[in-house]
1. Give ARG315, ARG354 a once-over and let me know the one that is open to solvent by 10 Å² or more (accessible area, probe 1.4 Å), under 14 Å from LEU115 (Cα atoms) and out of contact with any Pro (no Cβ under 6 Å at 6 or more places or on another chain).
2. Right, ALA258: part of a helix (DSSP H, G or I), more than 30 Å from SER99 (Cα to Cα) and without any contact (Cβ under 8 Å) to a residue 40 or more places away in the chain or not?
3. If you go through the stretch 83-96 one residue at a time, do you hit one that is surrounded by 11 or more Cβ atoms within 10 Å (Cβ to Cβ) and aromatic (Phe, Trp, Tyr)?
4. Would you point out the residue of the stretch 223-247, among those that are under 15 Å from ILE300 (Cβ atoms) and not in a helix (DSSP H, G or I), that is least open to solvent (accessible area, probe 1.4 Å)?
5. Considering the stretch 167-202 alone, what residues qualify as being among the acidic types (Asp, Glu) and open to solvent by 30 Å² or more (accessible area, probe 1.4 Å)?
6. All but one of (1) within 22 Å of LEU137 (Cβ to Cβ); (2) in a loop (DSSP other than H, G, I, E, B) hold for ALA265; which doesn't?
7. Could we say that ASP263 is over 27 Å from the mean Cα position of the chain (by Cα), loosely packed, with under 15 Cβ neighbours inside 10 Å and in contact (Cβ under 8 Å) with a residue 12 or more places away in the chain here?
8. In the set GLU309, GLU319, which member is in a helix (DSSP H, G or I) and more than 12 Å from the chain's Cα centre (by Cα)?
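The values are calculated or read from the model by the stated rules, or taken from the named source; none is laboratory data. It should be emphasised that the depicted structure is a prediction, and the values quoted were computed from it without experimental measurement. For neighbour counting, all protein chains shown are included, and Cβ atoms are generated from backbone atoms with ideal geometry for every residue, glycine included. Just the protein is used for accessible areas: all its heavy atoms, side chains included, with ligands, DNA and RNA removed. Shrake-Rupley method; radii C 1.70, N 1.55, O 1.52, S 1.80 Å.
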Amino acid sequence: MTNDYAVATALGNRRLDRLNENTERIVQLADSVPAFTESLTHLLLPLKTTGAAAQAKEIEHLINPDPRDEWSYITFGSPDGRKFAKGSPFMHRMGSLGSNEWFITFTLSEQFMRLGAWWFTQVWRAAELASAARGALNDWSVLTAAACARSLLEGAAYLADELPALIGLWDGFKRQGDPSIESLNTFVQELNTHITTLQYASRIGQSKKQPGLVQSKNVMTYMRKLDKRETTSDVMDIYEWLCDAVHPSFGSASTYIAASLRDNARTHVFERYERHPLETLVTMSRGLHPRVAQKAADAIIMATRILSEDLVRARWVVEDLCLTADVAKALKLKATLAHSRPGRNATCPCGSGRKFKRCVHRWGEVGIPRLSDHMSGATD
């Protein structure tokens, strides 16, 4: 008996086909983008001077740039009257340094790169876990598959909960039309808080009552919300099986049971445990259903379907920010999701299928992904 045949018999051909199809979509998404990216956070430079000329000299003194380097900067004030600058060697000087347009492009370039870095890590994480879970099931390493499937499902629940807030924040700001400096600063403060939570939230230190500055939500919060949203699958039943499997509990031990038989007179129950129980499971006429393996497969199918949709939507938001604020042409960093503004009649690079002139990458337009015809179409 081949291992492929045994796995297909244990899981069911239809379940296995959906598992492979959905996993492959996530892997292809990860393979279609660069294998690295770069992020940038500009730190505040306090200024003592006022007036454009004096501030330019002060910034040059603070930066003390190499003559071979090209630096760009912006200046701004806080409500309490203090003056600040941000400088960067990673952006081309464009337009008037004191214009609103340049201030918007410079400022949002940072948000674009940070969001892009977050997006890449989510794609890579999903592809790694989905591939590992599928490979473990193919080898019938059920506990490994359950652990990876559980983590993958938690990631899908996290993205499904966090993404709508990100989309809503960007859509609300973009619909207002051309930003003012005041509206941009308000938006960036809110977006920075959100990005910081997405990138750095953690539960490390909770047990010692020394949590970090940004605390992540309890994963059960995400799972319960996903359970309410998914009406065709029992999310919590699948999740509880996976949790039981990765703990030293019944679920973990059950992955080694090859047979459980009760005699007709009901005098005893006979159980057979094997380190590699797959062949016995599928050949014994009274063998067990491999519940943990099946729940792991169902979790992978569900999670990859959710992720393949939400990761495309998240990418659209990141690229919409880039195209709307015309960030790409200002950046020197190349390993990002950046798209230079195409010609009016060129197909829009965001994936909408429309010509760029008919797409929505302009201030005052909607900032909600409309990619239903271009989603990956993963099956559940």
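1. Sole residue among the options that is open to solvent by 10 Å² or more (accessible area, probe 1.4 Å), under 14 Å from LEU115 (Cα atoms) and out of contact with any Pro (no Cβ under 6 Å at 6 or more places or on another chain): ARG315.
2. no
3. The answer is yes; a qualifying residue exists.
4. GLU230
5. Result: ASP178, GLU182, GLU190.
6. Evaluating ALA265 over (1) within 22 Å of LEU137 (Cβ to Cβ); (2) in a loop (DSSP other than H, G, I, E, B) leaves (1) as the failure.
7. Considered against the rule, which asks whether it is over 27 Å from the mean Cα position of the chain (by Cα), loosely packed, with under 15 Cβ neighbours inside 10 Å and in contact (Cβ under 8 Å) with a residue 12 or more places away in the chain, ASP263 comes out as no.
8. GLU319
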